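Chemist: Have a look at this one.
No value in this document is a laboratory result; all are computed from the given coordinates. Please read these numbers as outputs of a predicted model, since none were measured by experiment. Don't worry about glycine lacking a Cβ; one is built from the backbone with ideal geometry, like all the others, and counts go over all protein chains shown.
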Amino acid sequence: MAELIVALDVPGMKEAVEKVRLIGPEVGFYKIGLELFTAAGADVVKAVKDLGKKVFLDLKFHDIPRTVERSVTSVGKFGVDLLTIHASGGAGMVKAAAAAAEAFGAAGPKVLAVTVLTSLDEKDLADIGVSGRSASEQVSTLAALAVSNGAHGLVCSPNEVGALSRSLPAGTIFVTPGIRPAGGAVGDQKRVATPAAAVRDGATHLVVGRPILCAEDPRAAALAVLGERQGA
Ligand code: C5P
């Protein structure tokens, strides 16, 4: 069963703890991204863990292998369950991240690679020197590089998860943002899928932010997403 991860895109510690408490026991996994981490620091990871939740720390590391390795060790000590790196950091960087995670044993963090940011189109890729290939070809290349060098999984859009889950080894983790409940507001997301469609295509974890956080009743909205996932 794919796991629901609620994106805790809130400005600070107080709001984070309030939302986790309000959403309640059925949701066991929260994503802490750059906005919240840069505002509240490692204390917010500890606070969410202390509430009995798993944490996906989405800081998208991209640096020389030694720096990334040591950073994965640091966040592993906070007890994070999933973390992100940029696959475009190259094979050495991916291997270093995976080795640092593996050093924690089976309960240690799992490393997810981000391939091409969904905010980039083919012109943006050409501007940074990636020309003559589509964004989806670049996604496939980076995904294969990441997984073959030890990444445990990928963050990918609902459009990509079907092809990637067919081409990559069984057991690969596929974390999919851009999830919208059937009939829900899309916001600024351009490529979205319902929870059931993403699960059918191979998503192992669904990331949902605003449809839950901004709902009048966040707990009811989370339960509705869990129900839709169940229907997959
Ligand atoms: O509010 P919403 O459900 O769109 O939030 C999705 C979350 O997933 C946000 O934290 C966003 O930064 C993240 N994300 C995304 N698309 C990506 C990668 C991450 O929406 N390609």
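Chemist: Please list, ordered by chain and number, the residues whose modelled amide H lies under 5 Å from the amide H of Leu4; skip anything fewer than 5 residues away on the same chain.
Modeler: Under 5 Å from the amide H of Leu4: Leu206.
Chemist: If amide H atoms are built 1.01 Å from N in the plane of the peptide, which residues on other chains or at least 5 residues away come under 5 Å of the amide H of Leu120?
Modeler: Here nothing satisfies the definition.
Chemist: To the nearest whole percent, what portion of all C-alpha pairs in region 135-232 is separated by more than 21 angstrom?
Modeler: The proportion of pairs with Cα distances above 21 Å equals 34 percent.
Chemist: Along the Cα→Cβ direction, 7 angstrom out, place labels at Ser134 and Glu15. What is the inter-label distance in nm?
Modeler: 3.8 nm
Chemist: Given the options Leu164, Leu125, Leu206, which has the most mean-square fluctuation in a GNM of the chain, springs set between C-alpha atoms less than 10 angstrom apart?
Modeler: Taking springs between Cα atoms under 10 Å, the residue moving most is Leu125.
Chemist: For the chain, what proportion of DSSP beta bridges, expressed in % and rounded to the nearest 5, is antiparallel?
Modeler: Roughly 0 percent of the beta bridges in the chain run antiparallel, per DSSP.
Chemist: In a GNM of the chain with a 10 Å cut-off on Cα contacts, which of Gly178, Gly132, Gly89 has the highest mean-square fluctuation?
Modeler: Gly132
Chemist: Something else about it: Output wanted: per-residue J couplings in Hz (rounded whole) for region 145-158, from phi through Karplus 6.51 cos²θ - 1.76 cosθ + 1.60, θ = phi - 60°, x for Gly and Pro.
Modeler: Each residue's phi maps through the Karplus curve to give 4, 5, 5, 6, 9, x, 4, 7, x, 9, 9, 8, 6, x Hz.
Chemist: At what distance in angstrom do the alpha carbon centres of region 1-67 and region 150-175 lie from each other?
Modeler: Taking the Cα centre of each part, region 1-67 and region 150-175 sit 22 Å apart.
Chemist: Also: Within the P(r) computed for the chain, what percentage of the Cα pairs occupies the region above 34 Å?
Modeler: The calculated P(r) of the chain puts 10 percent of pairs beyond 34 Å.
Chemist: Using Cα pairs closer than 8 Å and at least 6 residues apart in sequence, work out the relative contact order for the chain, in percent.
Modeler: 19 percent
Chemist: Next up: Taking region 180-232 on its own, what percent of its Cα-Cα pair distances exceed 14 Å?
Modeler: When every Cα pair of region 180-232 is considered, 49 percent fall beyond 14 Å.
Chemist: Which far-off residues, 5 or more places away or on another chain, put their amide H under 5 Å from the one on Thr194, with H placed in the peptide plane?
Modeler: Residues meeting the criterion, in which the H sits 1.01 Å from N, are Arg180.
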